[in-house]
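The structure appears right after this line, and notes come after that.
The values are calculated or read from the model by the stated rules, or taken from the named source; none is laboratory data. Please read these numbers as outputs of a predicted model, since none were measured by experiment. As a convention, Cβ positions derive from the backbone with ideal geometry for all residues, glycine included, and neighbour counts pool all protein chains shown.
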Amino acid sequence: MKNTKTVVFGVTGGIAVYKALDVISRLKKENVDVHVIMTKAALEFVNPISFQSLSQNMVIHDMFEEPKAWEIQHISLAKKADLFVVVPATANIIGKIANGIADDMITTTIMATKAPVIFAPAMNVNMYNNPIVQGNIQKLKGFGYEFIAPVSGRLACGDIGEGKLAQTEDIFEVIMSKLYPIKDMIGTKVLVTAGPTIAPIDPVRFITNRSTGKMGYSIAREARDRGANVTLISGPCNEKAPFGVSIIKINTNDEMRTAVISNYEDSDIVIKAAAVSDYKPKVYSSFKIKKSEDILNLEFVRDNDILKELGLHKKKQILVGFAAESNDLLKNAKEKLLKKNLDYIIANDITKTDSGFGTEENKVIILSKDNDPIVLDIMSKKQVARELFNLINKKR
């Protein structure tokens, strides 16, 4: 298997052409080989030199120009592509492909390629909602072509509505997910929890913890990239919702429990990365507690132990928990593993300042019932997720 992936990047004539440059820049930073084809209309918006400079490959825009090598270019690129993307995709290019028209380099190359093809439409809201355009989109989807739906917003023409090109970081994420070399979880249902929960005290106050959700979201993305059907149950955090993942937003322990239990039976792998509140105020005040000179005493009671409940009712599921500890890391993690009937537990030391809460990296130890602990050096949370699924999928 070749190490470098190749994306053939079609650019058509819309006002969002310039945003394609950002997507290509992101891809090059990930060592993706990008070959750009532009329509004549696209040349009216951006000079091809810009795309050539970023892609570091010659830009093709004329079917009949003298080739730079002795090969039929649209056939050569069609064979070379691991993925073909069209950003932005106009109503015109969508209509041409849907009706078998091949009259320029983009359309002929798409017709000739066996690689997956993804369109990212961008156009006026009325054009996008036109039944002819929608019919063409549905027709192409029926043939297996994929679409990154546009978003709503203020369009270049001044109209407000759906038709704005999806965010470039989302387009980039879709492309990288499609190019991901490990696809060993197709058809697997994965349930992930992430972030903190809150325990309300009164209408304006609550207690919570320092979880940012970064680890759980990384796990969800890794499972998605490997082909799994992923449901992410997330407490309040600032992480961006991953595309292609069903996300359920919750706040409290009770809400987390309800969401987890309702999705548990259908799940193959359950990873409880959320930091769920263990205690809640015994009495919730429906009115704001007013400030006084006296000491405020709050009495707390135990809240639901969701992970223990899952362990008691485990059937086919692989159940994974987390142990965030400040002392006796291995001892406490091993006890939790056995007590809650887990298959794996990921232990990390929360006293470390270079990993754990709020950082992009983590340093963990993965424990299981039957094997020696696996110590992972400090690495990105995405890499931790990859190592976890490598381990899980070996045993399945």
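Miscellaneous remarks
- Selection within the stretch 23-43 - over 29 Å from the mean Cα position of the chain (by Cα) and surrounded by 19 or more Cβ atoms within 10 Å (Cβ to Cβ): T39, A42
- All told, I261 meets the bar of being in the same structural domain as N390 (by TED's automatic domain parsing) and either under 24 Å from L310 (Cα atoms) or at pLDDT 95 or above (or both).
- Where R210 falls short, out of the listed (1) crowded, with 17+ Cβ neighbours inside 10 Å; (2) assigned to a loop (DSSP other than H, G, I, E, B): (1)
- Residue that is nearest to the chain's Cα centre (by Cα), among those in the stretch 365-378 that are surrounded by fewer than 16 Cβ atoms within 10 Å (Cβ to Cβ) and aliphatic (A, V, I, L, M): I378
- Some residue of the stretch 111-134 being part of a loop (DSSP other than H, G, I, E, B), in contact (Cβ under 8 Å) with a residue 60 or more places away in the chain, over 25 Å from L21 (Cβ atoms) and hydroxyl-bearing (S, T, Y): no
- Hey, I295 more than 31 Å from the chain's Cα centre (by Cα), assigned by TED's automatic domain parsing to the domain that holds T258, aliphatic (A, V, I, L, M) and loosely packed, with under 13 Cβ neighbours inside 10 Å or not: yes
- Residue ranges of strands (runs of 3 or more DSSP E) in the stretch 252-333 with at least 1 members within 23 Å of F357 (Cα to Cα) and charged (D, E, K, R): 269-272, 279-281, 318-325
- Qualifying residue in the stretch 231-246 (condition: modelled with pLDDT of 95 or more, in the same structural domain as E361 (by TED's automatic domain parsing), in contact with a helix residue (DSSP H, G or I) (Cβ under 9 Å, 6 or more places away or on another chain) and part of a helix (DSSP H, G or I)): no
Table: residues versus (1) surrounded by fewer than 18 Cβ atoms within 10 Å (Cβ to Cβ); (2) among the polar types (S, T, N, Q).
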{"residue": "R221", "(1), (2)": "no, no"}
{"residue": "N229", "(1), (2)": "no, yes"}
{"residue": "P236", "(1), (2)": "yes, no"}
{"residue": "G244", "(1), (2)": "yes, no"}
{"residue": "T258", "(1), (2)": "yes, yes"}
{"residue": "S262", "(1), (2)": "yes, yes"}
{"residue": "I271", "(1), (2)": "no, no"}
{"residue": "D278", "(1), (2)": "yes, no"}
{"residue": "I289", "(1), (2)": "yes, no"}
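- Those residues of the stretch 185-198 which are surrounded by fewer than 23 Cβ atoms within 10 Å (Cβ to Cβ) and of a type in the set (G, A, S), in sequence order: G187
- Residue among D328, D349 that is among the charged types (D, E, K, R), in the same structural domain as T212 (by TED's automatic domain parsing), surrounded by 15 or more Cβ atoms within 10 Å (Cβ to Cβ) and more than 26 Å from the chain's Cα centre (by Cα): D349
- Strands (runs of 3 or more DSSP E) (entirely within the stretch 138-201) containing at least 3 residues that are of a type in the set (D, E) and touching a strand residue (DSSP E or B) at 6+ places or on another chain (Cβ under 9 Å): none
- Checking each residue in the stretch 44-56 for being of a type in the set (S, T, N, Q) and crowded, with 16+ Cβ neighbours inside 10 Å picks out S50, S55.
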